[in-house]
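Q: The structure under discussion is supplied below as structure tokens; questions concerning it will follow.
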């Protein structure tokens with residue numbers, strides 16, 4: 001379950017939950033996730049598909065040292 005906050009248990013990674021509604025096609029969801037990976041440095045950590053067709057996606061990326069440039073955030 002996603003009840004536990006992974007950020008609390010893993011200091012080397014930062015996590016971002018993303019909810020994909022049921023009306024988004026699989027291809028559109030894949031494109032959206034590819035954009036997050038390409039431009040935000042995110043990778044797929046977990047996907048959960050619910051009975052209503054929506055998906056709960058957990059993305060992660062390595063934390064950067066404080067003195068380096070911040071990575072861009074998620075695309076809305």
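Taken together, the values in this text are just the output of simple stated rules run on the coordinates, not laboratory data. What you are looking at is a predicted structure, and each value in this text was computed from that prediction instead of being measured.
Q: If the chain between residue 64 and residue 13 were fully stretched, how many nm would it gain, using 0.36 nm times the residue separation less the Cα-Cα distance?
A: Difference between extended and current length: 17.5 nm.
Q: Explain nothing, just the number: relative contact order of segment 14-62, from Cα pairs under 8 Å at least 6 residues apart, as a whole percent.
A: 52 percent
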